[in-house]
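*Asks:* Right, I'll just put the structure down here and ask away after.
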Amino acid sequence: MGKAVQNDTLAPPILQVDGLNIEYQGGPHAAVAARDVSFTIRRGEIFGLVGETGSGKSTILRSIIGLLHQKAKVVSGAIRVAGHEVTGLDQAGLSDLRREHVAMIFQDPLRALNPVMTIGAQLAEVMHAAGLRDRDAVQRLIVGALERVGVADAALRMRAYPHELSGGLRQRVAIAAAMIRSPELILADEPTTALDVTIQDQILTLLYDLCRDTGMSVLLVTHDLGVVAEICDRVGVLYAGRLVETGDVARVLTAPSHPYTAALLASMPRIGERQSRLRVIPGRPPELSVPGCPFAPRCAYALAECGTIRPVLEPAGADQASACWRRDQLRTCLAEEVSVG
């Protein structure tokens with residue numbers, strides 16, 4: 001599948017995240033969820049944020065739209081959507097942000113949709129919140145949105161309740177609810193996790209086509225590098241709440257510049273190859289409070305300073321950056337690790 005970016009790379013980004021630090025507070029010690037995270041998303045681009053469970057990717061996603069858990073707090077950093085500062089907005093400001101610029105697709109559409117309201121009534125609420133009250137106009141927009149995401153017999157499906165639809169149809173409805181107001185940015189929190197492989201492919205193709213046709217941008221959170229390879233233009237790799245690598249998808253997935261990215265790629269099963277056991281990343285989950293590189297205890301290439309001095313994200317080639325002290329020296333062996341993984 002091709003890539004979706006249509007806009008000039010010099011155009012102002014739709015999303016800028018600069019030095020974002022998020023903590024979960026309330027206990028004797030604050031738990032770090034994101035540390036010094038910075039990335040941008042250009043208009044018309046699909047950006048993948050990938051990481052294992054607990055890496056902080058969903059927390060970062062929710063901070064953009066002001067949906068953090070009550071114990072989570074943005075302690076520093078800046079988030080700008082379409083040039084507007086998001087951090088520090090009150091509820092009225094967040095409502096304006098969600099109405100005018102950003103929409104979200106949640107991981108489980110059955111929980112995201114109201115079980116006691118029909119599909120049509122829920123989509124109508126979205127339009128009413130945007131100030132559109134004309135009943136006929138609202139119905140036309142709803143039918144059009146459902147048809148656009150591939151819901152057959154849209155006028156009939158409007159009268160259905162969420163439990164009467166399949167998982168794939170529910171996710172299409174969730175996407176229709178997100179894009180019906182033509183947002184500039186869609187936040188997608190693992191939107192294919194609960195679906196079978198065939199439906200996953202359909203949903204990913206739908207997101208790609210919407211991005212291509214409308215020029216909207218997508219921030220896609222996932223733990224699946226295969227999903228990233230299929231539809232994303234650029235990717236950010238998270239480990240222990242920190243971005244360890246970012247860049248063009250093709251470059252990052254074929255020539256990684258961070259050992260963690262290479263280890264993830266090497267552990268993926270490959271079609272046509274027979275292995276008695278899959279490769280794994282040795283060691284235990286990271287300590288979020290370590291002073292140096294959080295991956296150092298599990299890294300085969302770590303130096304002494306890796307455990308004491310935290311590397312920062314720095315350029316590692318054209319449209320690629322890595323938070324590794326040995327990014328330049330390791331390029332060849334990391335590429336070989338991926339190719340033989």
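*Asks:* Give me the accessible area of Val249, 1.4 Å probe, in Å² rounded to the nearest 10.
*Replies:* So the heavy atoms of Val249 present about 10 Å² to solvent.
*Asks:* Can I ask one more? Could you work out the relative contact order of the chain, using alpha carbon pairs under 8 angstrom and six or more residues apart, expressed as a whole percent?
*Replies:* In percent, rounded to a whole number, it is 20.
*Asks:* While we're here: Among residues other than Arg157 whose Cβ falls under 14 Å from its Cβ, what is the net charge (Lys/Arg +1, Asp/Glu -1)?
*Replies:* Net of charged neighbours comes to +1.
*Asks:* For the chain, take N as its residue count and report Rg(C-alpha) divided by 2.2 N^0.38 Å.
*Replies:* In units of the 2.2 N^0.38 Å rule of thumb, it is 1.03.
*Asks:* Compute the convex hull volume of the Cα atoms of the stretch 112-266, divide it by the residue count, and report the result per residue in Å³ as a whole number.
*Replies:* Cα convex hull per residue, to the nearest whole number: 128 Å³.
*Asks:* Also, quick follow-up: How much length is gained on full extension from Gln139 to Thr198, taking 0.36 nm per residue of separation minus their Cα-Cα distance?
*Replies:* 18.2 nm
*Asks:* As a test of the formula, what do you get for the chain when each DSSP H run with n ≥ 4 contributes -39,500 (n - 2.57) and the sum is divided by the residue count, at 222 nm and rounded to the nearest 500 deg cm²/dmol?
*Replies:* Rounded to the nearest 500, the figure is -9500 deg cm²/dmol.
*Asks:* Next up: Rounded to the nearest 10 Å², what accessible area does Asp196 have for a 1.4 Å probe in the complete protein model?
*Replies:* 90
*Asks:* If I stretch the segment between Asn21 and Ala152 completely, what's the gain in nm (0.36 nm per residue apart, minus their alpha carbon distance), one decimal?
*Replies:* 42.8 nm
*Asks:* If the label point is 7 Å along Cα→Cβ of Arg279, which residues in the stretch 320-341 have backbone nitrogen under 13 Å from it?
*Replies:* 333-341
*Asks:* Ok, one more. Where does helix 197-214 land angle-wise versus the long Cα axis of the chain, in degrees 0 to 90, nearest 10?
*Replies:* Roughly 80 degrees between the two axes.
*Asks:* In degrees between 0 and 90, to the nearest 10, how far off the longest principal axis of the chain does helix 135-148 point, with axes built from Cα atoms?
*Replies:* The answer is roughly 40 degrees.
*Asks:* Quick check for you: with a 1.4 Å probe and neighbouring chains kept, what is the accessible area per residue of the stretch 50-199, in Å²?
*Replies:* Solvent-accessible surface per residue comes out at 49 Å².
*Asks:* Sort His101, His258, His128, His29 by accessible area with a 1.4 Å probe, largest first.
*Replies:* His29, His128, His101, His258
*Asks:* When the accessible area of the chain is split by element with a 1.4 Å probe, what percent falls to carbon and sulfur?
*Replies:* That fraction is 51 percent.
*Asks:* Considering Cα pairs under 8 angstrom that are at least six residues apart, work out the relative contact order of the stretch 37-172 and quote it in whole percent.
*Replies:* With pairs under 8 Å counted, the relative contact order is 19 percent.
*Asks:* Ok, one more. Heavy atoms of the protein only, probe of 1.4 Å, neighbouring chains included. What is the accessible area of Glu164 in Å², nearest 10?
*Replies:* Per-residue accessible area (Glu164): approximately 110 Å².
*Asks:* For Thr214 and Leu89, compute 0.36 nm times the residue count separating them, minus their Cα-Cα distance, and round to one decimal in nm.
*Replies:* 42.2 nm
*Asks:* Could you give the angle, 0 to 90 degrees to the nearest 10, between helix 331-340's Cα long axis and the longest principal axis of the Cα atoms of the chain?
*Replies:* The two axes meet at around 70 degrees.
The values are calculated or read from the model by the stated rules, or taken from the named source; none is laboratory data. As the structure is a prediction and not an experimental result, all values here were calculated from the model. Using ideal geometry, Cβ is built from the backbone for each residue, glycine included, and neighbour counts are taken over all protein chains shown. In case anyone asks, the SASA skips ligands and DNA or RNA and just uses the protein heavy atoms, side chains included. Shrake-Rupley method; radii C 1.70, N 1.55, O 1.52, S 1.80 Å.
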